[in-house]
Amino acid sequence: MNAININGGTPLYGEMIVGGSKNAILPILAACILTDEKVTVTNVPKITDVDDMLYIMRDLGVKATSSGHSLTIDCSNICNYRISNQHVGKIRSSVILLGAVIARFSCAIMAHPGGCDIGARPIDMHLDAFRQMGVEIRYENDCWLCNTNKLKGTSIALPFPSVGATENIILAAAMANGETIITNAAREPEIVALQDIINLMGGDVKGAGTSTIRIIGKKRYHGCEYTLIPDRIVAGTYMLAACATGGDVLIKNAVPSHNALLIDHIKRMGADCNVLSDNSVRVHKSKRLCAIDYVNTLPFPGFPTDLQPQLMSVLCLANGRSVIRESIYESRFKAAQSLCSLGADIKVTSNDTDGHYAVINGVNDLKGAEIFGTDLRCNAALVIAGLAAHGNTRINNAHFISRGYEDIVGAFLNVGADISEC
Ligand code: UD1
């Protein structure tokens, strides 16, 4: 997909169904490396991050077969501990393979991982934790070389609740000698999903969803079947799209508790947002929304940085002045420039001392224009703005969106949007 074309200004009506979680499936694919037996995951989204992860894993000797949204992973013939093909530079989650590969081979070689260009994204916490578990690590010829005689369980206090570092430690600790205790662990729902599948494979992981996680290492893991949790960022994007365009949208297969703070913010802005008993959320907006004084992105259960650009799009049209502070990534206001091309009034101030802020003065109307996406969530924000803007919007560099949204064009067509890909 090169570009998305939208004739905006139409309220959305109907149902949108949320697929499986991108940020949960990637570490779960890494967890499959812990066993020789087959693991089948259902509700897997058809997104390019999954394709890229599988491409890297196939290079290790992993067999992956898919049928619809079901994926079976067979790591019985895994033969390679070099995580270094060209796709490693494309997705950040390639780093999550490190813990599982070290667990399986006691060594690994990995090229530095890529991902969206939204900030520095170092991997020091991952490497420090592995060192504490007895892994020797050095950097040579653009690759991380990791070796250990035996992974040992230990207590690891993370300086920040990093999602990826928490996942990587869990994966390495799953086969380490003895018990590993992580304090200040990330509490995201995707960590709970990882705990659930490892335990289904015969593991002993407790505490995911809290700040302290205990993992007792095991020698062997077996296959299992697992259904992936819904993608809370996709669910949140759909909710925010309904807020921006107006109308009445039922978002199905969402887990409301995963988006509790977002739902609270949507209500504060003045839209109706009702949680229904069957894990669906109805968003109904019929009048102009009001601004939010201050939103700060934080690790879960705080407001997710992955929904910040999409919220910024909505606030462009809200009545009054909103302030967003971005606490996770220093370069995550890239959507602002394109939103201003549509007529938004956003001022971004960013420095390492005071932090990274966007001040948004709501305007009455956005007008369609040709704009440029820069990364996955920026593009989701631009789709929302394009749906709300009057006239024609063309979003170039649209391909980033396929990293995390399955058929976003079809999803919005289904609720009455005039949207197409080109
Ligand atoms: C995951 C999500 C990503 C989300 C992010 C924060 C996946 C596949 N991706 O990314 O969508 O935006 O959580 O919710 O799950 N950091 C360090 N050193 C490290 C590791 C992280 O300084 O070793 C910093 C990062 O630069 C960032 C912050 O910690 O500023 C959070 O990063 P982290 O939670 O690790 O995010 P990811 O796991 O990469």
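Using a probe radius of 1.4 angstrom, the carbon and sulfur fraction of the accessible surface of the chain is 47%.
Per residue, the average separation of C-alpha pairs within less than 8 Å and at least 6 apart gives the chain a relative contact order of 21 percent. GNM remark for the chain: springs join alpha carbons under 10 Å apart, and the peak mean-square fluctuation among 20, 68, 246 falls on 68. Rounded, prolate or oblate: which one fits the range 69-186, using the alpha carbon gyration tensor with axes a ≥ b ≥ c (rounded when a/c is under 1.5, else prolate when a/b beats b/c, else oblate)? In terms of gyration-tensor shape, rounded. Entry comment: accessible area of the range 214-320 is 37 Å² per residue, from protein heavy atoms only and a probe of 1.4 Å. Between the range 264-293 and the range 147-204, what's the alpha-carbon centroid distance in Å? Rounded to whole Å, the Cα centres lie 36 Å apart. For the chain, just say rounded, prolate or oblate: build the C-alpha gyration tensor, square-root its eigenvalues into a ≥ b ≥ c, call rounded for a/c under 1.5, and beyond that prolate if a/b exceeds b/c, oblate if not. Prolate, because a/c is 1.5 or more and a/b exceeds b/c. Once the Cβ-Cβ distance between residue 287 and residue 325 is put in as r, and R0 is 25 Å, what FRET efficiency do you end up with, to the nearest 0.05? That gives a FRET efficiency of 0.35. Calculate the FRET efficiency for residue 70 and residue 396 from the Cβ-Cβ distance with a Förster distance of 35 Å, rounded to the nearest 0.05. Once the sixth-power term is evaluated, E becomes 0.55. Determine, from the Cβ-Cβ distance of residue 199 and residue 227 and an R0 of 22 Å, the FRET efficiency 1/(1 + (r/R0)^6), rounded to the nearest 0.05. Here the calculated transfer efficiency is 0.95.
Of the residues 303, 372, the one with the largest accessible area comes first in the ranking 372, 303, computed with a 1.4 Å probe on protein heavy atoms. Using a simple spin-label model with pseudo-atoms 7 Å out from Cα toward Cβ, residue 296 and residue 345 lie 2.7 nm apart. The H on the amide N of residue 251, modeled in the peptide plane, is under 5 Å from the matching H of 16, 281, 282, 283, each at least 5 residues off or on a different chain. Ranked by solvent-accessible area (1.4 Å probe, protein heavy atoms only, all chains present), the residues 328, 191 order from largest to smallest as 328, 191.
For the pair the range 343-395 and the range 12-72, the centres of their Cα atoms are 31 angstrom apart. Net length available on complete extension from residue 420 to residue 128 is 100.5 nm, with 0.36 nm assigned per residue and the Cα-Cα distance removed. With everything on Cα atoms, drop me the angle between helix 260-269 and the longest principal axis of the chain, reported from 0 to 90° to the nearest 10. So the inclination is approximately 10 degrees. The long axis of helix 163-173 is offset from the longest Cα principal axis of the chain by roughly 20 degrees. Cross-linked pairs 46/287; 46/219; 22/367; 38/218; 90/219; 63/219: Cα-Cα separations exceed 29 Å for 46/287; 46/219; 22/367; 90/219. The charge dipole of the chain, taken about its Cα centre with unit charges on the Cβ of Lys, Arg, Asp and Glu (plus for the first two, minus for the last two), comes to roughly 420 debye. Taking the longest Cα principal axis of the chain as reference, the axis of helix 96-105 is set at about 10 degrees.
Quick check: from the Cα gyration tensor, does the range 159-304 come out rounded (a/c under 1.5), prolate or oblate? Note, shape of the range 159-304 comes out prolate. In the neighborhood of residue 158, defined by Cβ-to-Cβ distances under 14 Å, what is the net charge if each Lys or Arg adds +1 and each Asp or Glu adds -1? Around residue 158, the surrounding residues sum to -2. In the assembled protein chains, residue 55 presents an accessible area of approximately 110 Å² (probe radius 1.4 Å). Here the label points at residue 63 and residue 267, each 7 Å from Cα along the C-beta direction, are separated by 5.1 nm in the simple model.
The values are calculated or read from the model by the stated rules, or taken from the named source; none is laboratory data. Here the structure is a predicted model, which means the values were calculated and not measured. Counting neighbours? That spans all protein chains shown, and the Cβs are built from the backbone with ideal geometry, glycine included. Each accessible area value is taken on the protein alone, full model and side chains, heavy atoms only, with ligands, DNA and RNA left out. Shrake-Rupley method; radii C 1.70, N 1.55, O 1.52, S 1.80 Å.
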